[in-house]
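What follows is a set of notes on a single structure, which appears directly below.
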Amino acid sequence: QVQLVESGGGLVQAGGSLRLSCPASGSILSINAVGWYRQAPGKQREFVATITSGGSSYYAESVKGRFTISRDNGKNTVYLQMNSLKPEDTGIYYCNAEIKRYWGDNQAPYWGQGTQVTVSS
């Protein structure tokens, strides 16, 4: 069984910062790309950022220059540093990881349960 558990969300004023964490645990052989997505009330889940196993990162235009994704492979953990937060960043933030559980397994996407981020104006 594989688990991803997000933490670090909360309520912050516009212009503030938060750092999200998402460790993966369980039966894990390897983790390929990991990323963050978010879902605002009444909207579909959208891509925020992703980082490959090689360390290349990609961002949604709306967060470029404000958010930074990173990963600690030794801890199977992905982070999202969010600076200069805006009210439109409000939503539930989910982490996603492409994981292979054992030799011969097919790589599959796993999701966490989400952490709420609320940015007040």
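A few comments on the model shown:
- Sole exception among (1) over 19 Å from GLY91 (Cβ atoms); (2) touching a Cys at 6+ places or on another chain (Cβ under 8 Å) for SER57, by number: (2)
- Residue count for the stretch 93-113, restricted to those that are touching a residue at least 60 places away in the same chain (Cβ under 8 Å) and surrounded by fewer than 18 Cβ atoms within 10 Å (Cβ to Cβ): 9
- For the stretch 1-58, residues that are open to solvent by 60 Å² or more (accessible area, probe 1.4 Å), among the hydrophobic types (A, V, I, L, M, F, W, C), part of a strand (DSSP E or B) and farther than 14 Å from THR115 by Cβ total 1.
- Any chance LYS75 is over 17 Å from VAL2 (Cβ atoms), of a type in the set (Lys, Arg) and open to solvent by 30 Å² or more (accessible area, probe 1.4 Å): no
The values are calculated or read from the model by the stated rules, or taken from the named source; none is laboratory data. Everything numeric here is computed off the predicted structure, so don't read it as measured data. With ideal geometry, Cβ positions are generated from the backbone for all residues, glycine too; neighbour counts draw on all protein chains shown. Accessible surface areas use protein heavy atoms only, side chains included; no ligands, DNA or RNA. Shrake-Rupley method; radii C 1.70, N 1.55, O 1.52, S 1.80 Å.
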